[in-house]
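> Just passing along the structure, written as structure tokens.
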Amino acid sequence: MAPIRKIKNYHYVLLVLVGLIYLGSRTVPPVVTPPLPALSARQQGNQFVGSAACLSCHKDIVESHLLTAHYRTSRPASATSIKGSFKPGKNKFVYNKLAEVDMESKDDGFWQIGYWNGTPLQSCRFDIVIGSGKNGQTYLYWKDDYLYQLPVSYYVPLNEWGNSPGYPKTFPLFTRQIPAHCLECHGTYARAEVVPDSGTRYPGREIMYGVDCERCHGPGGDHVTWHANHPGEKTGKYILDANLMGRQQRLDACALCHSGARKELKPTFSFQTGDTLDQFSTAAYSMDSLSNLDVHGNQYGLLVSSKCFQKSDQMDCSSCHNVHVNEANNLQVFSQRCMKCHNGKDHPFCTMPQVVKSQLTSNCIDCHMPLLPSQKIFMQMSDSSRSRPDLIRTHRIAVYAANTKKFMKSIH
Ligand code: HEC
Ligand code: HEC
Ligand code: HEC
Ligand code: HEC
Ligand code: HEC
Ligand code: HEC
Ligand code: HEC
């Protein structure tokens, strides 16, 4: 046995050497270290401390992160976090002649009041806002230590109140409980327990709002304490170094929330960056049915089905996104990231002949990652059966003939 193993090892060393020479000749720093062990195995005793605790040493990142959709995706309800209007004339959602909900601002907060035939049925307060307000927001209220969804949500593209998805279309209900699942994707942490026959309880109402630093970097207590006591130290201690993570670990850190609904194998909030996602939950889609994936919330599945991803060995979400900064709608910045690879040298430049280069280069996105309507998410609007789908950027990067036509029209 021994000689065979020796030969294998020798080949392995050779491969690594060739690999190092190859990688060393490229500009991107190579990832040659094996992926980090799972964080969940290492974080015993480490505490969440919140992003205010990062400010003294990572000022720029903390300040720009405050403006991101991640940070704002869940917040306590307030005049600034609620996007919908409370002005008379704009503060109603009307189902039909008999049923409506009024949105009212009072001294003790903001309220939704359900009416049936002019008689108030139930009123509940806006306590928590879910959604940064990019496409829509929905609102939650506390009853004891349980969370429920309010009947009326807000739909940003039309600037109107709309029926909360999943509720009846003809009258207001206040009964939809919020499982920890919502907060696992729309928050950093929530202490939750499932009580048989009662649903999900949040003891002490302990919730860390927003997708904050520690959602992606893991609890930072030990890191903060250590660096506060060692101000000269230039290397990050007790915190994951994203550059040392394997590609799948880096992708999984985003796929947790960006690969659609998943089937849970372990309790909510047990996955942490650095872990292998498939050990915690499995995708609710099969890799054979990627062409049927909805654009809503499944950027991971769609990206993985693209040639861009399949034919490059390093691409992950950070190839195009700097998550510390709000870069929404800055299509020129994103197009520059396409051209880092598609520069005509490493990978082919666009082969569309009719467009001059300057027009192409400021916007690769509308032709190759067009906004497509979600097949799943519709919002029912007031007083009629109007409903509108959400428009979402597809992450299946490809050639889209119809969208190319539309783009050509728009520039001529
Ligand atoms: C007392 C100073 C201090 C505080 C407070 C602090 N850090 Fe750091 N952090 C550092 C230093 C020093 C480094 C290493 C240099 C660098 O990468 O900026 C670092 C590096 C990092 C890195 C990169 C790790 C790597 O090796 O690439 C992350 C991620 C990080 N910190 C996250 C956080 C988060 C999240 C918080 C708040 C919970 C925080 N830090 C609070 C000093 C601090
Ligand atoms: C804990 C769940 C969670 C994780 C982890 C997460 N995201 Fe998100 N992300 C969200 C949610 C929720 C939204 C929608 C926020 C909103 O508008 O309310 C979002 C929005 C975004 C947006 C749109 C921002 C905008 O302003 O248009 C981008 C881009 C994004 N995420 C990229 C990433 C990347 C890249 C990673 C991994 C490094 C990641 N996300 C990890 C939950 C998450
Ligand atoms: C698997 C992760 C995940 C779960 C679970 C989840 N969401 Fe989301 N949600 C997202 C992502 C990601 C987006 C960003 C839009 C997109 O990519 O389609 C989003 C968008 C939203 C938006 C619109 C935000 C905006 O600013 O436009 C609302 C409102 C919302 N979700 C509410 C909920 C509620 C309520 C629940 C629980 C019933 C829930 N979500 C469960 C990941 C999730
Ligand atoms: C949605 C996930 C996500 C959130 C939220 C997030 N980060 Fe990061 N962070 C990343 C990723 C991914 C990288 C690695 C980027 C790369 O490889 O290009 C990173 C890198 C870093 C680094 C080291 C490299 C650098 O860019 O300086 C620091 C320090 C850091 N993050 C601090 C923070 C702090 C502080 C916050 C909160 C204010 C925060 N991060 C929020 C995902 C996140
Ligand atoms: C990390 C490098 C990388 C980045 C960044 C990148 N691509 Fe690609 N892309 C590739 C590779 C590799 C291929 C496969 C080329 C080949 O066929 O050899 C590809 C293929 C494509 C194709 C052909 C798809 C098909 O189905 O035939 C298009 C279109 C494309 N990319 C557009 C884009 C756009 C637009 C962006 C930015 C939003 C982008 N790419 C970002 C590496 C990248
Ligand atoms: C090749 C470049 C590229 C890669 C790789 C990429 N994205 Fe994006 N992403 C974009 C562009 C371009 C947009 C549109 C930005 C805009 O319009 O504001 C976008 C938008 C988004 C949005 C907002 C979607 C919407 O319409 O509301 C989310 C969420 C997102 N990306 C998550 C991810 C995640 C998670 C990954 C990794 C699985 C990823 N992206 C990888 C280029 C990329
Ligand atoms: C006006 C719409 C439009 C714009 C803008 C555009 N493309 Fe294209 N692109 C196309 C069409 C259409 C094709 C297919 C052309 C053909 O038939 O060869 C294509 C082909 C490609 C291909 C495939 C090359 C191959 O291997 O066959 C790549 C890669 C690509 N584009 C990248 C980009 C990048 C990067 C940008 C931004 C710098 C961009 N495109 C801007 C419409 C567009």
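FYI, it's all coordinate maths here, none of it is from the lab. As the structure is a prediction and not an experimental result, all values here were calculated from the model. As a convention, Cβ positions derive from the backbone with ideal geometry for all residues, glycine included, and neighbour counts pool all protein chains shown.
> Packing-wise, with mean Cβ within 10 Å as the measure, how do 324-337, 222-235 rank, highest first?
Working: 324-337: 14.7, 222-235: 12.0.
Averaged packing, sorted descending, gives the order 324-337, 222-235.
> Would you mind pulling out the separation of the Cα centroids of region 237-257 and region 77-100, in Å?
Comparing the Cα centres of region 237-257 and region 77-100, I get a distance of 41 Å.
> Which order do K97, K90 fall in if you start with the one that has the fewest other Cβ atoms within 10 Å?
On the way: K97 8, K90 12.
The order, fewest Cβ neighbours first, is K97, K90.
> Still on this model: Taking a quarter of the surface of the Cα convex hull of region 208-346, what do you get in nm²?
Numbers: hull surface 44.2 nm².
With the hull built on Cα positions only, its mean projection is 11.0 nm².
> What nm distance separates the two modelled labels at S198 and T276, each placed 7 Å from Cα along Cα→Cβ?
3.8 nm
> So how much slack lies between H181 and Q248, counting 0.36 nm per residue of separation and subtracting their Cα-Cα distance, in nm? Spell out each step's value before the answer.
Working: separation 67, 0.36 × 67 = 24.12 nm, distance 2.26 nm.
Stretched out fully, the H181 to Q248 stretch lengthens by 21.9 nm.
> Hey, fewest Cβ within 10 Å first, where do D316, D127, D197, D60 land in order?
In increasing order of surrounding Cβ atoms, one gets D197, D60, D127, D316.
> How far is it, in nm, from the label point at L331 to the one at S319 when both lie 7 Å from their Cα along the line to the Cβ?
2.1 nm
> Determine, for each peptide in 172-178, 306-312, the mean count of other beta carbons within 10 angstrom over its residues, then list the peptides with the highest first.
In decreasing order of mean packing, 172-178, 306-312 become 172-178, 306-312.
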